[in-house]
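Taking it in order: structure first as structure tokens, then the write-up.
The values are calculated or read from the model by the stated rules, or taken from the named source; none is laboratory data. The model shown is predicted, which means the values in this text are computed figures rather than measured ones. Glycine gets a Cβ as well: all are built from the backbone with ideal geometry, and neighbour counts include every protein chain shown. All accessible areas refer to the heavy atoms of the entire protein, side chains included, with ligands and DNA or RNA removed. Shrake-Rupley method; radii C 1.70, N 1.55, O 1.52, S 1.80 Å.
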Amino acid sequence: MTKAKRQPVDEPIDLAAVDNIVRRTGTTADAAIPILQAIQSHFRYLPQEALEHVCRTTEITAAQIAGVSTFYSQFRHKPVGRHMVRVCHGTACHVAGAPLITEALRRHLGIDDDHEDTDADRLFTIEKVPCLGCCSLAPCMTIDDVTYGKLTPHKATMIIDKVRKESGR
Amino acid sequence: MPRLTIDNRSIDVPPGTTVLEAARRLGIDIPTLCHLDGLQPHTSCFMCVVEIEGQAGLKPSCAMPVAEGMVVRTQSDVVMRARRTALELLLSDHPGDCVAPCSLACPAHLKVADFVAAIVAGDNRRAAGIVRRRLPLPASLGRVCPRFCERACRRKELDEAVNIRDLHRWVADKDLASSDPHRPDGATESGKSVAVVGAGPAGLSAAYYLRQMGHACTLYEAQPQAGGLYRCGIDARRLPRDVLDAEIAAILGLGVQLRSGVRLGRDVSLDDLLARHNAVVLAIGTQTAMDQAAFYAEGRLAGGEVRYDFSLLNALGLQPSRRGVQADRATLATGRAGVFAAGNVVTGPNYGVHAVASGRRAAVAVDQFLRGADVVGDPAHVNVLMRDLSGDEVAVLRAHADPSPRGMPDSGNPAAAATASDTEVRAEAGRCLDCDCGKRDTCALRQLAARYGASPTRYHGPRRPFERDATHPDIVFESGKCIQCGRCVRIAEQDRETLGLTFIGRGFSVRTAAPFSSELSEALRRTARRCVEHCPTGALSLKRALRDSGG
Amino acid sequence: MSDHNVKEIRVGLATCGIASGGRPVHEAVHEAARRHGLHVPVKAVGCSGLCHQEPIVEVVSTDGRRQVFGGVRPAEARRIVRDCVTPRGMVGKAMAWAGRMADLLLSDEAWVSVKPFAAHPESATEAGQAGEQKLIVLENCGQIDPLCIDEYLARGGYAALRRCVADMTPQQVIDAVTQSGLRGRGGGGYPTGLKWATARSQQDSTRYVVCNADEGDPGAFMDRLVLESDPQRVIEGMAIAAYAIGAAEGYIYIRAEYPLAVRVLREAIAQAERAGYLGQGILGTGFSLRLHVMEGAGAFVCGEETALMASIMGRRGMPRFRPPYPAESGLWGKPTSVNNVETFACVPWIVRHGSAAFAAIGTERSKGTKVFALAGRIRRGGLIEVPMGTTIRDVVENIGGGMHEGRRFKAVQIGGPSGGCIPASMADLPIDYEALTRTGAIMGSGGLVVLDDSDCMVDIARFFLEFTEKESCGKCTFCRVGTRRMLDILERLCDGKGHPEDLDDLEMLCDQVRHTSLCGLGRTAPNPVLTTLRYFRDEYEAHLQGRCPARKCKALIAYRVTDTCIGCTRCAQRCPVQAIQPTPYEQHTIDAEKCIRCGMCKAGCPADAIVVE
Ligand SMILES: Cc1cc2nc3c(=O)[nH]c(=O)nc-3n(C[C@H](O)[C@H](O)[C@H](O)COP(=O)(O)O)c2cc1C
Ligand code: SF4
Ligand code: SF4
Ligand code: FES
């Protein structure tokens, strides 16, 4: 989290939406996580301006919100791609070859920087998750809300292509 | 009031007391890194662990409340091992140098960055004092030493090493030429006296430091004049005799007696010396070797041509080694009580800087011996040294250094060196990256590591990057050295800093940082100094200028 | 329109059902029922535990007979519905056949034979015995519509709560739970009654009850399933607990990765409130309880109770030192009883059937049943519930159906990242807290992954360490740095770069991390390593010599094309790094230099000509 790495923000952040969220969720320190969750579901990530705005309008301190928002893996500080690809890396999926699936997807999407998880077109963000709870379909992944099971690396890349086609690229 | 037993001693304390507090009441010292009186326990470092009978695992005493009948052990093998491992784990991810690599590479461990900073600050007298704490003959060494320090200089990652040797020569020359040359503070007289046999660099060094420790000191030298190999083994063009004479005079000026023309084994025996003095330092390497008319190259007695007079050692009742006399590595104590050795007589042919280093170490041990303390030599230090620096890390180090190339005229040409201007010298000094840790002498992590024999290289693996935030006017934050003890975080919170500090991320990659990548100057508006004071490592330290001024 | 004896049709729509394509099946059933004029309820139920068979359609007859169909596609769903209404005579059969063919022609889906089989141990009449299960926690799962409180009530729901508040003092409730021998199902196995008693005995009268539904073990999904399939049971359990300890407020902390469970739970709470089982003055008494649902945000360590409470209070989920225990000082410093989903789910049964009935099941010190998420290399994965004391072999071979063809049972991984690997040679071990702990593993919360001879135990240890290292909260030295250094060694081993002293170093580090970490995460993180070192040391030694016996570790294997290659070039097309030159009709070869061991070629080879060695 250095200044230089701060994400360029395409559009101005809609702080009225943040106000709404705060109004709904409350302004006490224990509302921090629900507020962050609501902000993320609105913007699909946590814009820093929004977080700073929360500190100004609630009891939540900057130290708290920065600490909390970087502790939990659900929270993202960078905008994500249009589709979230979650590859299950639970035990059953791991033994069934999940590492090969993730590698194949990253390769297929040309994501080779270890610190990057979104492809250059900002269409797909790949995330490793610890167990989607579909162990009997191992290895599996979800793209947005759809689950795909019994994958092979090849099948996984085909699914990506299909989704890409459907979203018109 | 619960009664408990700690290390077989029992104590009654009010309920709610922690085991740590109870132990302290008994005067039992339990090390802590993250705990700080007045703050909620954080239980992160696990230095304070103890064993509690009937409970599985080890418990952090800083948070463990006492209970009736509790039996606690604070010194068992398991406990000591856990503390050592905790330190070794912390040190395995501790990017930074405790001591600059040049200082480590210098056989005398000259505190390079300190004296160089004093030059930059324009305080030559202080610079001279710092130099002489390690080098009793800095002007002479400044002409003949082969620059061990410069070989290790980090600046080489950028361009060329800082011209360290010539800088200390310049400091010493200037000091000697000044109207009021530096004179070390002496301790009160101890009433003890020491015989130092041999007035070469090692003997002179031992005498110089022993005097400062308050011991009477007599130098016995077979030759008519002091100086040893520096006088008779080195070309006067490289080491002008007036420079050597001036440095010897400064040492004798502290009240060291010189008895020249006295040869050990011929004119005086070791037993005589032991009868007359409380201790003896044998620095006779030069004395025996000189007879073979050795030849000096780059200040070093060329090997192979030297034959020690082993019969002399036998006659003195000392154990010979392959190189000379047998002496303990750390204390330089020989087999005879009260007899220490220093210089080439121990190491075999070596450089002058090794000799002065050895003379100083002998002085430290002799002092301990005379005070009746444990004779252990210099305190043991643990040194973390960064390896495999990335480009980013080098960039961090260079950020505050003068970017110009190595500029000071080389003393290979003494005339040119002598004429180096103040500005040239200061520019050269400004090239120093100041690699020393800001908490070099106060870091609790380093001190505990020495105490528990923890090795910084026990575990290998990825480490955090070396980073430095110097945006704050008073303090520097080097996050890689942070052990996540949370003291600063809690202090800033307690004092209601608007921004303060927080933990960012989690697991191995957790960092202590200001929220929203804010600058430290904004984050710690009120508590910066307090955070530095309580940070147990070099993560938070005062800027050099404040440290040097005792700030 | 026709005579039939169908009472209702159930379609499994828990996460596993949806993931397997249950939604279109559900729609197909609906639509077909309408088309055939079959006016019976088509219910979206939870999961009956047969996850490997999803999507599941179950037809319940008026006489209570149940037919379960697994692996159903929409086309088959339509056929199943139609079969319900076709007469049973010869003509009917012929017509059914014709219809079936028509459906087959109309659908573009491959025909998978749908075999009815026994989904439920209680109805284990048809094909395949589901083994010796005993359903307490799962008794309603897959049977009722989770979003309909009346169905829960119809099956005896809330009778237990009613009895508690009407006829029992809180102390009597605690005694009943104590006598049942119920121990925490979240992993620790702490006696539930004792925990409640501690909370109850505190001075402070503001108290909280918390349900731990964080279920973070990779490979465990028991709690999700229970919450998705029978949420009222958990709510009832919590209400009983709240009554017993004297709490008026409670939290359910649930993983955010379980969106369906969150939705179901919220709805279930609303229904319970409307029906008077939650809220003010429950069942006309002075007892009140408000429940809040708090979604986690992705941190395994928040399953640890002190971290969980920190998270509820809006902080970083970093555990703190205990004592004080939550039952003494928990949420906002008040006495708080934290219990697991399954623990709560047992409570209504205990109250209804009596402590003695519960205590009659199981072993000396482990009472009742345990739910496991059975997964890995077995034929039938899913959720099972067995009496304590059942052997591992029973679970693997009878319930799980054993290994796949040609594979050898090697070990079970039990307890996830805090547990360990128990070798096949010890499979006759009974499932019991103490017996499992003696092996170096733990009961854990119920993840049970079966491993066969194609699994590398060093890789398994590395996998779990990678997990714990990433999930460590980063507070204490031994866990934050220690697990990283353990992982370093395991990574070296898997890369074939191990040093001979690594195994001893690893053991030494494990030992210290285990004894000197702050919370259970660090204290149990070494278990997967220690158990594999103990039972499979030969595999570690093989890795030291640069060999991976199971041929899993990438750095230690090579792909090769054998002479069964038919020269179809498919592998060459699939290889992402062009390590295979396409040579039609000739045997292909793999350039070992280029090969990144991604397995794409092998997976695509129609002749099975690619081997790993
Ligand atoms: C790292 C860690 C993760 C845990 N995860 C869970 C979990 O997901 N679910 C759970 O019920 N208990 C979990 N626990 C155990 C809880 O701390 C606590 O013991 C449990 O919720 C108590 O409930 P019980 O007595 O009903 O088992 C975890 C413990 C640790 C140390
Ligand atoms: S920077 Fe803060 S958290 Fe890190 S070691 Fe120093 S005081 Fe502790
Ligand atoms: S053991 Fe690990 S997870 Fe637990 S407190 Fe320590 S660092 Fe955090
Ligand atoms: S854990 Fe007690 S002082 Fe750090």
Checklist entry - Classify chain B: rounded, prolate or oblate, from the alpha-carbon gyration tensor (a ≥ b ≥ c, eigenvalue square roots; a/c under 1.5 rounded; otherwise prolate if a/b is larger than b/c)? => result oblate
Checklist entry - Karplus couplings for the range B:84-94 from phi (6.51 cos²θ - 1.76 cosθ + 1.60, θ = phi - 60°), rounded to Hz, Gly and Pro as x? => result 4, 5, 4, 5, 5, 5, 4, 6, 6, 10, 9
Next on the checklist: Modelling each spin label as a point 7 Å along the Cα-to-Cβ direction, I'd like the A:Ser167/B:Asp77 distance in nm, to one decimal.
Outcome noted: 6.1
Next on the checklist: Please compute the modelled spin-label separation between C:Leu194 and C:Arg379, points set 7 Å along Cα→Cβ, answer in nm with one decimal.
Outcome noted: 4.2
Item to check | Local electrostatic count, C:Glu27, Cβ distance below 14 Å [Lys/Arg +1, Asp/Glu -1] | outcome: +4
Checklist entry - At a 1.4 Å probe radius, carbon and sulfur cover how many percent of the accessible area of chain B? => result 49
Checklist entry - Out of residues 5 or more away from B:Leu540 or on other chains, whose amide H comes under 5 Å of its own, with H placed 1.01 Å from N in the peptide plane? => result B:Glu478
Checklist entry - Which one of B:Thr218, B:Val131, B:Ile28 is farthest out on the positive end of the charge dipole of the protein assembly as shown, using unit charges on Cβ (Lys, Arg +1; Asp, Glu -1) and the Cα centre as origin? => result B:Thr218
Item to check | For chain C, calculated [θ]222 nm from helices alone, where every DSSP H run of n ≥ 4 adds -39500 (n - 2.57) | outcome: -11000 deg cm²/dmol
Item to check | Rg to Rh, two decimals, where the range A:83-166 supplies the alpha carbon set and Rh follows Kirkwood | outcome: 0.93
Next on the checklist: With every protein chain left in place and a probe of 1.4 Å, what is the accessible surface of A:His108, to the nearest 10 Å²?
Outcome noted: 80
Checklist entry - Using Cα pairs under 8 angstrom and six or more residues apart, how large is the relative contact order of chain C, in percent? => result 11
Checklist entry - Dipole magnitude of chain B about its Cα centre, charges +1 at Lys/Arg Cβ and -1 at Asp/Glu Cβ only, in debye to the nearest 20? => result 500
Item to check | Pairwise centroid distance, computed over Cα atoms, of the range C:357-400 with the range C:186-242, Å | outcome: 21
Checklist entry - C:Lys7: which lysines have alpha carbons under 28 Å from its alpha carbon, excluding same-chain residues fewer than 8 sequence positions away? => result C:Lys43, C:Lys93, C:Lys115, C:Lys134
Next on the checklist: Starting from 0.36 nm per residue, how many nanometres of slack lie between C:Gln578 and C:Ala356 once their C-alpha separation is accounted for?
Outcome noted: 73.2 nm
Checklist entry - Roughly speaking, what is the centre-to-centre gap between the range C:428-464 and the range B:1-76 when only Cα atoms are used, to the nearest Å? => result 36
Next on the checklist: Under a Cβ-only charge scheme (Lys and Arg +1, Asp and Glu -1), can you give me the dipole magnitude of chain C about the Cα centre, in debye to the nearest 20?
Outcome noted: 760
Next on the checklist: Going through the cross-link list A:Lys78/B:Lys543; A:Lys78/B:Lys481; B:Lys156/C:Lys475, which pairs have a Cα-Cα distance over 29 Å in this structure?
Outcome noted: A:Lys78/B:Lys543; B:Lys156/C:Lys475
Checklist entry - Taking the alpha-carbon centroid of each part, what is the distance from the range B:207-242 to the range B:416-491 in angstrom? => result 36
Item to check | Those aspartates and glutamates that a straight Cα-Cα span of less than 18 Å connects to B:Lys192, excepting residues fewer than 8 apart in one chain | outcome: B:Asp271, B:Asp272, B:Asp367, B:Asp374
Item to check | Neighbourhood charge, 12 Å Cβ-Cβ cut-off, centred on B:Glu51 and excluding it, Lys, Arg +1 and Asp, Glu -1 | outcome: +1
Checklist outcome for this item: For C:Val173 the rounded accessible area (nearest 10 Å², probe 1.4 Å, non-protein molecules ignored) is 0
Next on the checklist: I'm a student and want to see the number: the projected area of the Cα convex hull of the protein assembly as shown, averaged over all directions, in nm².
Outcome noted: 60.3
Item to check | Relative contact order of chain B, pairs being alpha-carbon contacts under 8 Å that are 6 or more residues apart, as % | outcome: 16
Checklist outcome for this item: Expected max-MSF residue from A:His53, A:His115, A:His42 in the GNM of chain A (alpha carbon, under 10 Å) is A:His115
Checklist entry - What FRET efficiency would be calculated for the residue pair B:Thr188, B:Cys232, taking the C-beta separation as r and a Förster radius of 25 Å, to the nearest 0.05? => result 0.10
Next on the checklist: Taking the alpha-carbon distance from C:Lys602 and a cut-off under 22 Å, which lysines remain once sequence neighbours fewer than 8 residues away in the same chain are dropped?
Outcome noted: A:Lys150, A:Lys155, C:Lys552, C:Lys554, C:Lys594
Item to check | Cα-projected label distance for C:Trp332 with C:Arg274, points at 7 Å along beta-carbon direction, nm | outcome: 2.9
Next on the checklist: Using 0.36 nm times the number of residues separating B:Glu160 and B:Arg387, minus their current alpha carbon distance, what extension gain do you get?
Outcome noted: 79.9 nm
Item to check | Shape call, chain C: gyration tensor on alpha carbons, a/c limit 1.5 | outcome: oblate
Checklist entry - Ordered by packing density, taken as the mean number of other Cβ atoms within 10 Å over each peptide's residues, highest first, how do C:281-290, B:482-491 rank? => result B:482-491, C:281-290
Checklist outcome for this item: FRET efficiency for C:Val40 and C:Leu153 from the Cβ-Cβ distance with R0 = 22 Å, rounded to 0.05, comes out at 0.60
Checklist entry - Dipole magnitude of the protein assembly as shown about its Cα centre, charges +1 at Lys/Arg Cβ and -1 at Asp/Glu Cβ only, in debye to the nearest 20? => result 680
Item to check | Shape category assigned to the range C:1-75 from the gyration tensor of Cα positions, a/c cut at 1.5 | outcome: oblate
Checklist outcome for this item: 1/(1 + (r/R0)^6) with r = Cβ-Cβ of B:Arg263 and B:Asp7, R0 = 45 Å, i.e. FRET efficiency to nearest 0.05, evaluates to 0.20
Checklist entry - How much of B:Asp12 can a 1.4 Å solvent probe reach, expressed as accessible area in Å² and rounded to 10? => result 60
Checklist outcome for this item: Unit-weight point scatterers at every alpha-carbon of the range C:334-425, Debye formula, q = 0.16 1/Å: log10 I(q)/I(0) is -0.79
Checklist entry - With every protein chain left in place, what is the accessible area per residue of the range B:482-534 in square angstrom, probe 1.4 Å? => result 38
Checklist entry - Can you work out ³J(HN,Hα) from phi for every residue in the range B:101-114, in order, using Karplus 6.51 cos²θ - 1.76 cosθ + 1.60 and θ = phi - 60°, giving whole Hz and x for Gly and Pro? => result x, 5, 5, 5, 6, 5, x, 8, 6, 4, 7, 4, 4, 5
Checklist entry - ³J(HN,Hα) across the range C:194-209 via Karplus (A = 6.51, B = -1.76, C = 1.60, θ = phi - 60°), whole Hz, x for Gly/Pro? => result 5, 4, 5, 4, 4, 4, 5, 7, 6, 4, 4, 9, 7, 9, 10, 10
Checklist outcome for this item: Once normalised by the length of the range C:392-494, the mean sequence separation of its alpha carbon contacts under 8 Å that are 6 or more apart gives a contact order in percent of 25
